[in-house]
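Read-outs: derived from the displayed coordinates by stated rules, not from any lab. Since the model is a prediction, treat every value here as computed from it, not as a measurement. In this analysis, Cβ positions are derived from the backbone assuming ideal geometry, glycine residues included, and neighbour counts consider all displayed protein chains.
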Amino acid sequence: MRTSQEIRRENLRYLIQTKYNGVANQMAKDTGIAQMQIARVFLKTKNSREVGEVLARRIEEACGLEAGWMDQIHARSDDIMNRLDMLDVQDRQAVESVIDAMLRKSQELLKES
């Protein structure tokens, strides 16, 4: 079972990928959270940081998410990646194209609201 820190870290990665096109600097700029603070969550050294309660709530507020969103599992990247790895190259590219189209549509809807 995942810890709350693992879930928050995975959700942060998921947000950066889906809402900010994989650009952590853009998330930092849009949310006012220091880029280094975001980057340190993903370090695998003694200087790494957790996504604590305060940071989780700050991310949720800055991204317009409901309180507690960071504590719930939204991205199942490990499961998805394992499934994608089982596909041949052509099928994987087809799945990626569908995902890209869905992300574009989602971003367009966000811009409209």
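Within straight-line reach of Lys46, meaning a Cα separation under 22 Å, there are no lysines at least 8 residues removed in sequence or on another chain. The charge dipole of the chain, taken about its Cα centre with unit charges on the Cβ of Lys, Arg, Asp and Glu (plus for the first two, minus for the last two), comes to roughly 480 debye.
Would you please give the FRET efficiency between Arg92 and Ala39, computed as 1/(1 + (r/R0)^6) with r the Cβ-Cβ distance and R0 = 25 Å, to the nearest 0.05? Calculated value: 0.30. Legend: calculated FRET efficiency, Ile73 to Met102, from the Cβ-Cβ distance at R0 = 25 Å, rounded to 0.05, equals 0.85. Cβ-to-Cβ counts within 10 Å put Met70, Met1 in ascending order as Met1, Met70, the fewest first. Residues whose amide H comes within less than 5 Å of that of His74, counting only those at least five positions distant or on another chain, are absent (H built at 1.01 Å from N in the peptide plane).
Other residues with beta-carbon under 15 Å from the beta-carbon of Glu61 carry, at +1 per Lys or Arg and -1 per Asp or Glu, a net charge of -1.
Take the Cβ atoms of Leu109 and Lys46, set R0 to 30 Å, and the FRET efficiency comes out at 0.15. Take the Cα of Thr18, step 7 Å toward its Cβ, do the same at Met1, and the gap between the two points is 2.4 nm. A straight Cα-to-Cα reach below 23 Å connects Lys105 with the lysines Lys19, Lys29, residues fewer than 8 places away in its own chain not being considered. Asn21 sits among other residues whose Cβ lies under 11 Å from its own Cβ, and their net charge, with Lys and Arg +1 and Asp and Glu -1, is +1. Of Arg2, Arg8, the sequence from fewest to most neighbouring Cβ atoms within 10 angstrom is Arg2, Arg8.
What net charge do the residues around Leu110 carry, taking every other residue with its C-beta under 12 Å from that of Leu110, with Lys and Arg at +1 and Asp and Glu at -1?
Residues near Leu110 contribute +1 overall.
Going through (i) 22.5, 67; (ii) 15.1, 43; (iii) 13.3, 39, the figure that equals Rg and Dmax of the Cα atoms in Å as computed for the structure here is (ii). The aspartates and glutamates whose alpha-carbon is closer than 15 Å to the alpha-carbon of Lys44, local same-chain residues fewer than 8 away aside, are Glu6, Glu10.
Centre-to-centre separation between the Cα atoms of the range 1-74 and those of the range 85-113: 22 Å. GNM on the chain, alpha-carbon springs under 10 angstrom: the most fluctuating residue among Ala56, Ala24, Ala94 is Ala94. Applying a DSSP loop filter and a limit of 16 other Cβ atoms within 10 Å to the chymotrypsin sites (Phe, Trp or Tyr not before Pro) in the range 16-109 leaves Phe42.
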